[in-house]
1. Of everything in the range 127-139, what is surrounded by fewer than 22 Cβ atoms within 10 Å (Cβ to Cβ) and either in contact with a Pro (Cβ under 8 Å, 6 or more places away or on another chain) or farther than 14 Å from Val181 by Cα (or both)? Give them in sequence order.
2. Run down Leu49, Leu84 and say which single residue is at pLDDT 95 or above, of a type outside the set (Val, Ile, Thr) and surrounded by fewer than 22 Cβ atoms within 10 Å (Cβ to Cβ).
3. Report those helices (runs of 4 or more DSSP H) wholly inside the range 17-118 carrying at least 2 residues which are free of Cβ contacts under 8 Å to residues at least 40 places away in the same chain, within 24 Å of Leu243 (Cα to Cα) and among the hydrophobic types (A, V, I, L, M, F, W, C).
4. If you check Ala176, Ala246, Ala218, Ala140, which single one turns out to be at pLDDT 95 or above and within 21 Å of Glu109 (Cα to Cα)?
5. How many residues does the range 135-181 contain that are farther than 15 Å from Glu228 by Cα, among the aliphatic types (A, V, I, L, M) and over 16 Å from the mean Cα position of the chain (by Cα)?
6. Can you name the number of the only condition in (1) crowded, with 22+ Cβ neighbours inside 10 Å; (2) closer than 28 Å to Pro26 by Cα; (3) of a type in the set (Ser, Thr, Tyr) that Ser55 fails?
7. Can you name every one of the helices (runs of 4 or more DSSP H) wholly within the range 185-250 that holds 2 or more residues which are surrounded by fewer than 18 Cβ atoms within 10 Å (Cβ to Cβ) and of a type outside the set (Asp, Glu)?
Amino acid sequence: MTEEPRIDAISQAVVLCAGQGRRLFPLTRDLPKTLLDLGGGRTVLDHVLGSLAESGVTRVRLVVGHASDEVGRRRNDFESSYGLEIELIDNPDHAVLNNAYSLWLGLREISGDCLIANGDTLVTGAAVRRLIDGPTAGLALAIDSKKTLADEEMKVTFDSSGRLTEISKGLDPERADGEYVGIARLAHGAIDAFVESLEQAWRRDGSLYYEDGIGDFARGEYRVSGVEVGDLPWIEIDTPEDLERAKMMKWHS
């Protein structure tokens, strides 16, 4: 018997894979960090794409930059392994423009609800499905409110109604409500406004993160809310130590 499709299924995602990952050098001298090995020939990007695919995603836009040819060489393998249609979006300015520009490139000319995922953040399929099942309007961010926060995390605060008020690494950990995990759900009706916020951010300062665009977007008419995933395993890979921890983690959905 064929399983009925989920009414709230999301079939497309934009995944950011353009950065060099300087803190992982020399591992990332000739590879993007999304292609680093997690063991058994499985890369960081394998994990990201696998979690998206098991949650119903069938089309992925990969925004590439550093060592983009390496990703291109593996595209067919990724497509066949995960049943995905993958489009590569090149960010030729990845060395001088931060990921606000990369996400702007990835979201242009896209239609329908979509997921946004950092290519260096590993989450479970369960976390992706929880986000898909969450708020359907505006922008919904996967949040970890359980983690002990420090200066490096992308921290968030919400008002009493659950609406995002601030998102920044510079927030005082003591007053933050949690950390943005690096995966979000964007409603179709909010895409144009969010793309405009991203463009304003990178044109204002090319070093800005897309979270700066989220902050601008949250001050407009669209709601930015949070979905708790802090009880599920996840990790952002920025350093060799992070990579080793990711290899040791027990992943489950």
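1. Of everything in the range 127-139, those that are surrounded by fewer than 22 Cβ atoms within 10 Å (Cβ to Cβ) and either in contact with a Pro (Cβ under 8 Å, 6 or more places away or on another chain) or farther than 14 Å from Val181 by Cα (or both) turn out to be Arg129, Ile132, Asp133, Gly134, Pro135, Thr136, Ala137.
2. Only one candidate passes the filter, namely Leu84.
3. 44-53
4. Ala140
5. Adding up the residues that qualify gives 4.
6. Only one criterion in (1) crowded, with 22+ Cβ neighbours inside 10 Å; (2) closer than 28 Å to Pro26 by Cα; (3) of a type in the set (Ser, Thr, Tyr) is unmet by Ser55, namely (2).
7. 191-204, 240-248
The values are calculated or read from the model by the stated rules, or taken from the named source; none is laboratory data. Only a predicted model underlies this, so the values are computations on that prediction, with no experimental measurement involved. Reconstructed Cβ throughout: ideal geometry from the backbone, glycine too, with neighbour counts over all protein chains shown.
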